[in-house]
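Coordinate-derived values only; no laboratory data. On a predicted model such as this, the values are computed, not experimentally measured, just so you know. Cβ atoms come from the backbone with ideal geometry, glycine included; neighbour counts cover every protein chain shown.
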Amino acid sequence: MKSIIFKVNMLLFAILLLINTNIKSSVAYEKNQDFQGEAIYISKSKMDLGRFGERMSQAQKKQIQARLKNRLEKTYVLTFNKEESMFIENEKLDAISGATDSWGANFSAGDQYKNVKTNTQIQQQEFYGKKFLVKDKLQSINWKINGETKQIGQYTCFRATASIPSSDLAWYSFSWSSLRNNSTTDTLTTTPVEVKMTNVEAWYTSQIPVSHGPSEYWGLPGLILEINAGSTTMLCSKVVINPTEKIAIKAPKKGTEITKKAYQKTLLKKMKEFRDNRSRRRG
């Protein structure tokens, strides 16, 4: 009789344990649905003066570096949930004059919204007072993951690498060399145009199971905490998971809708007009 009672009690205990586990799993799942976080990134770029820099003294180089500090060193905030993210730059004052960098602002990345579920990127850009809403697909990245690991803060990170067309990573920016290259491609030629590539190294952590990352980077099985791309390094300095105050992630809505390629063409056209007008004034 005691044996039967013991078995019944054990059965009841198992049922209660199962019910309790299911309730905890259900609660965890509901919390997971509301999962969100915030990551702070510090970006640093090396100054490349090319041949022009060869004729400069170290003092001149340091002076230019000080004036360009707000372009070479930046801070960004990435807010995210399971599907969406918002990447915004913290505006900095010019290190010398105390003013904002109006020229550089025309070619820097605007507020960027990404949705990994719908494969959508929406980025708000402003070019000389005109607002654009750049809507396109997320940057296609063929990541290669190896077994290397390292610690970033409290997180174990894994290494991933990729090679991405440089123009795809800086589609919102402009360089005079791109204008010269674009002018040569307008003429008839049989010489193929070389596509410059940027080698990218990313470190992500599966301890934060989202496919987000800073700037154009995403698509790994964990939050990207560090990016090394060309002369630029972006490193996460702080992560807050499920902050007390809920974060609202909303895609930008203001501006003329345009694709990345169309935006690049708009930049080139406007800068060509700027160059030609300046040449006529000098003449």
Between Met197 and residues 5 or more places away or on another chain, the pairs with built amide H atoms under 5 Å apart involve Ser166
Length gained, Ser45-Ile249, 0.36 nm per residue minus C-alpha separation, equals 70.6 nm
Within the stretch 198-274, DSSP-loop GluC sites (Glu not before Pro) with at most 10 other C-beta atoms within 10 Å are Glu245
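Give, in nm to one decimal, the length gained when the segment between Asn228 and Ser173 is fully stretched (0.36 nm per residue of separation minus the Cα-Cα distance).
Details: separation 55, 0.36 × 55 = 19.80 nm, distance 1.86 nm.
Difference between extended and current length: 17.9 nm.
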If the label point sits 7 Å along Cα→Cβ of Glu257, residues of the stretch 123-152 with amide N under 17 Å come out as 123-125, 131-138
Going through Lys117/Lys254; Lys135/Lys260; Lys82/Lys114; Lys131/Lys253; Lys44/Lys135 one by one, the pairs whose alpha carbons sit over 19 Å apart turn out to be Lys117/Lys254; Lys44/Lys135
Sequence order, the stretch 248-254: Karplus ³J(HN,Hα) from phi using 6.51 cos²θ - 1.76 cosθ + 1.60, θ = phi - 60°, Hz rounded, Gly and Pro as x, gives 9, 9, 10, 5, x, 10, 8
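Suppose R0 equals 41 Å; then what is the FRET efficiency for Ser206 and Lys272 from their Cβ-Cβ distance, rounded to the nearest 0.05? Show your work: numbers first, answer last.
Numbers: r = 47 Å, r/R0 = 1.14.
Result of the calculation: an efficiency of 0.30.
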Everything considered on the Cα gyration tensor (a ≥ b ≥ c; rounded for a/c under 1.5, else prolate if a/b is larger than b/c, else oblate), the stretch 214-268 must be described as oblate
